[in-house]
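To start, the structure itself, in structure tokens.
The values are calculated or read from the model by the stated rules, or taken from the named source; none is laboratory data. Nothing here was measured: the structure is a model prediction, and the numbers come from that model. When we count neighbours, we look across all protein chains shown, and the Cβ atoms used for this are built from the backbone with ideal geometry, even at glycine.
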Amino acid sequence: MTIRRLFLFLLSAGLGLLGWCYWTAVSAPVLRETRVALADWPPGQRPVRALLISDLHVAGPDMPPSRLARIVARIEAIRPDIVLIAGDLVSDKSYATRHYSLGEAVAPLAGLRPPLGTFAVLGNHDHWRDPAQARAELRAAGVTVLANGAARAGPLAIGGLDDAFTGHDDLAATLGALRRMPGARLLLSHSPDPFPAVPREVGLMLAGHTHCGQIRLPLVGAISTMSDHGERYACGRVDEAGRTLVVGAGLGTSILPLRLGARPDMWLITIGPEQRRPGSVMRP
């Protein structure tokens, strides 16, 4: 093989890989499903189907509002009982072909109409852009915004932890609000990093932020997880110390509109009571 042919081969392979990474970034989110049993589930209440999305990162070319609108329509077709959004509505990446206003980015979320409501926390990109406007646009779209507080939704008590990556989180205040509210407790956070400090009384935490690495190289793994814990809480479901953490890969991208080995996803989580084994006896 001549040097020219080798160069053309490497160039073609490189362009093909970039094309594959972009195709992965704009592909339809994978729907992942799991079930979580909570010990504090209110008696007599049916399970709740909660849909988790995160890291929308609305920006061109990979996530224009029109693509988010299509994802919202798909979510509506799934018919979850509740939708939970773990932050990062927009992206201000340098290589974006277009930046959108918070109003443009959030508008498609108005199409979400789950019976128990839609709840969100802010992420680092929302704080870097304009957190007050982000909250206002979410409220205008019918989304309840939680910032170190809690809200009731059917049998659930939802704590919303503000962004830990930018230092806006207050876990003590969020837990205090949760403890004053009836219902099975879950925590919604942008970053998964607070998870080790979450007490066992909160059986479920939902997060995003890591993009599951976004670019995961063969034999090397993720270039970066943006987590102080590395791969420990970087992706998917983690069961630890009697609690469950679910970390979504997100919908959009950060820095570059590319994904490799970490497809966009959303999680449908069926939350309900613990199942007693046949013949087991409940003791006081």
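Please state which one of 222, 234 is of a type outside the set (S, T, N, Q) and either at pLDDT 95 or above or touching a Pro at 6+ places or on another chain (Cβ under 7 Å) (or both).
Within the list 222, 234, the selection yields 234.
Tally time: how many residues in region 217-237 are more than 17 Å from residue 51 (Cα to Cα) and either surrounded by 19 or more Cβ atoms within 10 Å (Cβ to Cβ) or aliphatic (A, V, I, L, M) (or both)?
10
In region 78-96, how many are surrounded by fewer than 24 Cβ atoms within 10 Å (Cβ to Cβ), of a type in the set (A, V, I, L, M) and part of a loop (DSSP other than H, G, I, E, B)?
Number satisfying all stated conditions: 1.
Is it the case that region 161-176 has a residue that's touching a Phe, Trp or Tyr at 6+ places or on another chain (Cβ under 9 Å) and not in a helix (DSSP H, G or I)?
yes
Which of the residues that make up region 37-61 are β-branched (Val, Ile, Thr) and closer than 30 Å to residue 93 by Cα?
Selection gives 53, 58.
Filter region 121-142 down to the residues that are closer than 12 Å to residue 188 by Cβ and in contact with a Lys or Arg (Cβ under 9 Å, 6 or more places away or on another chain) and list them by number.
122
When you check residue 160 against the structure, is it at pLDDT 95 or above, surrounded by 24 or more Cβ atoms within 10 Å (Cβ to Cβ), closer than 19 Å to residue 56 by Cβ and out of contact with any His (no Cβ under 8 Å at 6 or more places or on another chain), yes or no?
Spelling it out, residue 160 is indeed at pLDDT 95 or above, surrounded by 24 or more Cβ atoms within 10 Å (Cβ to Cβ), closer than 19 Å to residue 56 by Cβ and out of contact with any His (no Cβ under 8 Å at 6 or more places or on another chain).
Is it fair to say residue 138 is touching a residue at least 24 places away in the same chain (Cβ under 8 Å), in a helix (DSSP H, G or I) and under 19 Å from residue 166 (Cβ atoms)?
yes
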